[in-house]
Every structure is written in structure tokens, then in C-alpha cells.
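Novice: Here it is: the structure, laid out below.
Just so it is clear, none of the values below were taken in a lab; they were calculated from the coordinates. Every value quoted in this text rests on a predicted model; they were computed, and no experiment measured them. When we count neighbours, we look across all protein chains shown, and the Cβ atoms used for this are built from the backbone with ideal geometry, even at glycine.
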Number of protein chains: 2
Amino acid sequence: MASPRVLVVAGTHGNEINAPWLLDQWQKQPDLIETCGLEVVPVIGNPAAREQGRRYLDRDLNRSFRPDLLEEAAAGTSAVDREIARAHSLVRQYGPEAPKPCSVALDLHSTTAAMGSSLVVYGRRPADLALAAAVQQRLGLPVYLHEADQAQQGFLVERWPVGLVIEIGPVPQMVLDAQVVERTRLSLQACLQVLGEAHQGPMRCPVSLVVHRHLGSLDLPRNSKGEPDGCLHPARQGRDWCPLHPGDPLFLTADGREVRYDGPCGRVPVFINEAAYGEKGIALSLTEREVWTLAPEAPEALAAALA
Amino acid sequence: MASPRVLVVAGTHGNEINAPWLLDQWQKQPDLIETCGLEVVPVIGNPAAREQGRRYLDRDLNRSFRPDLLEEAAAGTSAVDREIARAHSLVRQYGPEAPKPCSVALDLHSTTAAMGSSLVVYGRRPADLALAAAVQQRLGLPVYLHEADQAQQGFLVERWPVGLVIEIGPVPQMVLDAQVVERTRLSLQACLQVLGEAHQGPMRCPVSLVVHRHLGSLDLPRNSKGEPDGCLHPARQGRDWCPLHPGDPLFLTADGREVRYDGPCGRVPVFINEAAYGEKGIALSLTEREVWTLAPEAPEALAAALA
């Protein structure tokens with residue numbers, strides 16, 4: 001039985017430096033991460049941006065895996081942004097059509113938001129949900145389910161048969177924090193254990209998982225020129241995963257006014273005040289906490305993807 | 001009696017966004033900061049870098065105020081880095097030789113290090129020390145005295161007769177944090193109150209001040225290629241101002257080895273793991289805590305500079 005290949009991507013954003021350091025450590029300490037019978041393929045997502053200590057050079061690499069953009073790069077008829085070319089190159093080298101394809105992509109990120117350790121799943125692919133559910137059962141991590149947001153498309157892991165993001169915070173951009181590295185290692189290790197078990201079978205999978213389903217995002221107040229005219233309310237800073245209630249203070253405008261939340265009860269904010277999302281017009285994203293019964297075919301789909 | 005002009009600089013580093021926001025707020029809420037009989041001149045230090053969300057474009061603006069660099073820009077015979085040109089322009093517009101000179105420069109910064117609110121003074125100019133001592137008496141802020149470091153020269157405030165840096169942390173680069181803004185405001189307000197009092201006289205000034213005198217910096221362990229081969233030890237993260245003792249864990253190498261501190265007792269680290277200092281080869285700076293008696297002429301020097 002050949003080992004399934006698992007792509008582990010660090011530094012998809014060039015200023016998130018903890019996961020690349022984990023890969024450096026692992027190279028020097030082979031026992032640091034157990035591969036659980038898998039062939040793990042580590043790669044730096046955006047080495048050119050990493051070199052410059054920037055999130056990206058031309059555009060966000062982790063929004064550059066849209067099929068239309070990849071086709072543009074494949075056609076090669078016109079100059080494309082460097083990140084689109086990089087996305088195309090990663091898919092060509094490691095994607096499902098590569099000579100030695102990877103079945104799974106695990107994409108390691110960090111955030112300035114106080115989200116702790118969490119998993120991000122894109123859409124509702126059964127194999128992704130089985131992987132997330134089994135990791136949640138082991139480590140108790142919250143799962144943020146991102147879907148149906150027209151403004152945010154083209155994530156790396158979507159181009160592999162199975163994939164999820166490991167998101168660790170809070171840590172500033174360009175700060176190497178040994179605890180963040182260790183938390184990244186633990187989450188990655190749990191993913192590999194679940195994948196190894198799913199490959200060798202039988203896989204232990206819970207019957208349900210808790211997801212925080214993405215509903216949309218809120219932007220800062222803006223002035224007529226489109227510039228931010230307010231900041232996050234100090235009472236909201238660092239309170240990711242804590243439900244919002246109508247009337248809760250949300251923003252503070254430059255002229256000193258409080259803007260209060262007036263949406264429905266119980267929405268759960270995530271990515272509160274993430275440094276990189278200002279330019280995307282996202283002050284925080286709103287989710288709904290839901291308990292999903294895992295479809296019986298989900299663990300089978302994961303096992304099949306690894307077969 | 002004409003009002004002394006006080007230059008208040010925000011955004012000297014383009015990715016430190018809290019102080020610029022304070023200036024925006026102040027414009028909309030004129031009561032937010034009391035000017036204490038001074039003419040306050042607010043300015044964005046590096047608007048071009050701010051526009052791009054980067055610390056700088058060509059080189060660190062706050063190391064570009066060296067006399068030799070400013071002369072280079074003044075000569076105008078060759079193309080200079082954009083930050084050198086900007087430094088020259090700021091000195092020409094607001095410096096001691098300007099048509100309407102500023103007597104004081106207050107430079108507002110933030111750091112990713114867990115330093116709380118602090119003041120940074122460059123060298124031992126009596127007027128700077130009087131200002132720092134009086135602010136320390138009001139707010140209890142620690143004073144980091146930077147001097148005699150050949151690798152770090154050319155700070156903005158050195159080109160004005162009186163000047164200091166207000167340094168607020170921890171906050172990630174590119175994150176606007178209302179509490180950090182408020183702490184910046186409080187420190188700035190205390191500086192303006194002291195300056196107003198020194199101008200109108202008589203100034204209340206303590207007889208002594210506590211300084212943390214800069215001794216030098218420690219770099220991360222590096223490999224033969226000069227790349228970092230270790231990270232800060234997790235036991236040291238966030239412990240700015242806490243004295244180091246021989247044997248304390250300091251770094252963790254990629255191969256898992258602990259590097260311990262082997263210097264003298266009682267050195268006090270600051271700027272631990274500051275994101276922007278990696279490229280400068282500074283993992284932390286070491287200081288010695290000293291209690292200095294303020295020279296009697298120090299308050300007089302401050303008053304004279306404002307006359």
C-alpha cells in the first residue's frame with residue numbers, strides 16, 4: 001500500500017513566520033513530527049513574499065487559486081500577478097494532476113486575532129468535514145466553516161481533494177513565538193494522526209462536529225472617501241468566539257461615537273481586528289455555531305481520497 | 001510670550017497605525033488633547049510608507065536623521081533613499097533652522113514587544129532628561145535611555161533641541177487597538193502638560209529619575225549562512241523589564257537546544273522579540289536600571305529651549 005502524499009504548506013503569507021520555522025525545526029529534528037505512515041511534502045507557499053517579509057507581492061496568494069485565475073496562468077498568453085503564477089505552479093507540482101499528486105493539503109497560518117488554535121474548512125466536502133471532526137474530537141479545536149462568500153474566493157486547499165487550514169493566534173506578523181510554533185505543531189500532528197488512521201483504517205470518527213458557519217463580515221465605519229472612520233471598540237478586542245448580543249458596543253468612530261451591534265442574537269465573531277483584513281474591508285466575520293451530524297459517507301470519503 | 005512650537009510625529013514607521021489614528025481622532029474631537037499653551041504641529045512621519053502599510057520603503061526613517069545622510073540629501077547631487085529625502089524635508093520644514101522652527105519633537109511609536117507604555121530618550125541632553133523625569137513623575141513610565149550604539153544612529157528626535165519617543169506596546173503591526181490609542185494619548189498629554197508648565201514656569205521637576213540605560217543588544221543564534229538558527233525561548237516572551245539572571249533560558253535553537261543567558265546578573269531586557277528588529281539583528285536589548293540625580297540645570301535647559 002503506497003503512502004498517500006500530504007502537502008504541508010507554510011508561509012502562504014510571507015509575513016506569517018511561525019509555520020516556516022516549524023518546518024526548519026523539523027528538518028533538524030526528524031522526531032519532532034510523526035508522519036504516521038504518510039509521505040509528508042513540506043513546501044513554502046510564497047518564498048518571494050517571505051523574502052521581503054510581506055504578506056504578498058502582487059495579490060493575496062490564498063485568494064489566487066480560483067479556477068479562472070489558474071487558467072489565465074496556464075494559458076500563459078499574458079503577464080499575470082506573481083501570486084497567480086505561484087498558485088499555478090503549486091497546483092502543477094503537487095495538485096491532483098501532478099506526476100506525483102498530493103491527496104491532501106494542510107495550509108498553516110497565523111493570525112493577529114485572539115482566536116487561539118482553530119481549523120478552517122472551505123465548503124462542505126465530506127472528506128474535509130471528517131478530518132476536521134476527528135481533529136476536533138482529539139484536540140477540541142473550533143472549526144470555522146467558510147462558504148458562500150463571493151468576496152473571498154480562491155483558497156489554496158480548495159484545489160486539493162482534501163484540505164484545511166490550521167490557524168493559530170494571536171501573534172503579530174513577523175514575530176516568531178515559540179508557543180505559537182508549538183501549537184502549530186500540535187495541530188499539524190493531530191491532522192497527520194487522523195489522516196494516518198483514515199489511511200490504515202478503521203478510522204475513529206465522531207458522529208457530529210461543531211462548526212462556526214461563516215455568515216458574512218462587518219467592515220469598519222467609513223467616511224465619504226471610503227477611508228476608515230472608526231476603530232474596533234475596545235470592549236470587543238480579543239473577544240473572538242464570544243457571542244454578540246444586540247446593543248453590544250462594536251466600533252468607536254473618530255468623532256467619539258459608539259456604534260453598537262444591531263444584528264440578531266448569538267452571532268459569533270471571528271478574525272476580530274486581523275491586521276491583514278483591513279484592506280479587505282473586514283473588521284470581523286460573523287458566524288453561527290451549529291452542531292452537525294456527520295454523514296456516514298464522510299469518513300469513507302476521507303479514506304477513499306487517501307487510498 | 002509666543003507659544004513654543006511642538007512637533008508631534010505619528011507614523012514615522014508606516015505600519016504603526018495607532019498614533020496616526022490618534023491624530024485623526026484629535027482633528028474630529030479638538031478637546032481630546034489639551035495643548036497647554038503650546039502650538040502643537042501634528043505631522044505624519046512617513047506618509048508614503050503608511051500608504052503601503054510598510055515600516056519603510058527604502059530604509060528605516062528613524063535611522064535616517066544622521067547628519068552625514070542629511071547633508072547628502074541637502075547636496076542633492078545624487079539620488080538618495082526616499083527616507084533620507086523625507087528626513088531632510090522634515091528637518092527643513094520643522095527643524096531648528098526652519099522659518100517657523102519647532103523647539104520640541106515628540107515621536108509616537110508602537111512595538112510588538114510587551115513593554116507597556118514607555119519613553120525613549122537618546123543620549124543625555126539635560127532638557128530631554130528633565131522632560132522625561134517630569135513625565136515619569138506624573139505617569140510612572142519607565143525611561144529607556146539609548147546611547148552609544150554605533151549600529152543604531154540617526155533617530156528623528158535627535159535633530160530637535162528637545163525630543164523623546166513615546167513607545168506603546170504590545171500591539172501587532174497594522175492593528176489599530178483602541179486601548180493602545182488611548183495609552184498613546186495619555187502619554188502625549190503628559191508630555192504636553194510638562195512642556196506647558198516648563199514654558200509658563202515654575203516647573204515642578206523631581207530630583208531624580210530612573211533610567212534603563214542601553215548597554216547593547218543580543219542577536220538570535222545564527223547558522224553559517226547568517227540565517228537565524230533559533231528563536232526566543234518561550235519562557236522569555238513577553239517578559240520585558242524583568243531582570244535576567246545567569247542561567248536563564250534565552251533562545252531555543254532549531255535542533256532543540258536551549259541557549260542560556262551567561263552575562264552578568266540583573267541586566268534588564270527590553271524590545272524582546274520586536275517584529276521590526278529581526279532584520280537589525282536584535283532579539284532583545286539589554287539595559288541597566290539606574291537612578292540618576294537630575295542636574296539642577298536640566299529643568300532650566302528645558303525652560304530655555306521653550307523660551
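Novice: For a quick check: sort B:L108, B:L57 by the number of other beta carbons within 10 angstrom, fewest at the front.
Specialist: With the sparsest Cβ surroundings first, the list reads B:L57, B:L108.
Novice: Mean-square fluctuation check for chain B, GNM, Cα pairs under 10 Å: which of B:R260, B:R55, B:R66 is largest?
Specialist: It is B:R260.
Novice: Taking A:R260 in one copy and the same position in all the others, each labelled 7 Å out along Cα→Cβ, what are the pairwise distances from the first, in nm, shortest first?
Specialist: Result, one decimal in nm: 5.7.
Novice: Remind me, relative contact order of chain B in percent, using alpha carbon pairs under 8 angstrom and six or more residues apart?
Specialist: Once normalised by length, the contact order is 20 percent.
Novice: Within 13 Å, Cβ to Cβ, of A:A87, how many net charges do the neighbouring residues add up to if Lys/Arg are +1 and Asp/Glu are -1?
Specialist: Here the charged neighbours net out to -2.
Novice: Further question on the same structure: Pick from B:G11, B:G247, B:G163: which residue has the top mean-square fluctuation in a GNM of chain B where Cα pairs under 10 Å get a spring?
Specialist: The residue that fluctuates most here is B:G247.
Novice: I want to check a number: in the protein assembly as shown, how many lysine pairs have alpha carbons closer than 23 Å, given a sequence separation of 8 or more or different chains?
Specialist: Final tally of qualifying lysine pairs is 4.
Novice: Further question: For the rotation that brings chain A onto chain B, whose beta-carbon in chain A is nearest the axis, and what is that distance in whole angstrom?
Specialist: Residue with the nearest Cβ, plus whole-Å distance, for chain A: A:P172, 2.
Novice: May I ask for the angle, rounded to the nearest 10°, between helix A:82-94 and the longest principal axis of chain A, with both axes built from Cα atoms and the value confined to 0 to 90°?
Specialist: Roughly 30 degrees, rounded to the nearest 10.
Novice: Once the dipole of chain A is set up with Lys and Arg at +1 and Asp and Glu at -1 on Cβ about the Cα centre, which of A:L192, A:T293, A:V210 lies farthest towards its positive end?
Specialist: A:L192
Novice: Report the Cα centroid-to-centroid distance between region A:106-121 and region B:18-68 in angstrom, as an integer.
Specialist: 33
Novice: Right, next: If each residue's Cβ is checked for other Cβ atoms within 10 Å, how do B:C242, A:C102 rank with the fewest at the top?
Specialist: The fewest-first ordering by Cβ neighbours comes to B:C242, A:C102.
Novice: Distances from B:N223 to the same position in the other copies: list them in nm, one decimal, shortest first, using label points 7 Å from Cα along Cα→Cβ.
Specialist: 4.9
Novice: Per DSSP H run of at least 4 residues, take -39500 (n - 2.57); add these up for chain B, divide by its residues and hand me the 222 nm value, nearest 500 deg cm²/dmol.
Specialist: Rounded to the nearest 500, it is -9000 deg cm²/dmol.
Novice: Counting other C-beta atoms within 10 Å, and keeping those with at most 15, which DSSP coil trypsin sites (Lys or Arg not before Pro) do you find in region A:97-174?
Specialist: Those that pass, being in a loop and sparsely packed, are A:R124.
Novice: Can I ask one more? How would you classify region B:217-277 from its alpha-carbon gyration tensor, with a ≥ b ≥ c the square roots of the eigenvalues: rounded for a/c under 1.5, else prolate if a/b is greater than b/c, otherwise oblate?
Specialist: In terms of gyration-tensor shape, prolate.
Novice: Would you list A:S117, A:S3 from fewest to most Cβ contacts within 10 Å?
Specialist: Listed from fewest to most nearby Cβ atoms, that is A:S3, A:S117.
Novice: Apply the Karplus parameterisation 6.51 cos²θ - 1.76 cosθ + 1.60, with θ equal to phi minus 60°, to every residue of region A:110-118 and state each ³J(HN,Hα) to the nearest whole Hz, in sequence, with x for glycine and proline.
Specialist: So the Karplus estimates, Gly and Pro as x, are 10, 9, 7, 6, 7, 8, x, 9, 8 Hz.
Novice: Let me ask something else. Note the distances from A:G281 to each other copy's matching label point, with points 7 Å along the Cα-to-beta-carbon direction, in nm, sorted shortest first.
Specialist: Label point to label point, same position, other copies: 4.6 nm.
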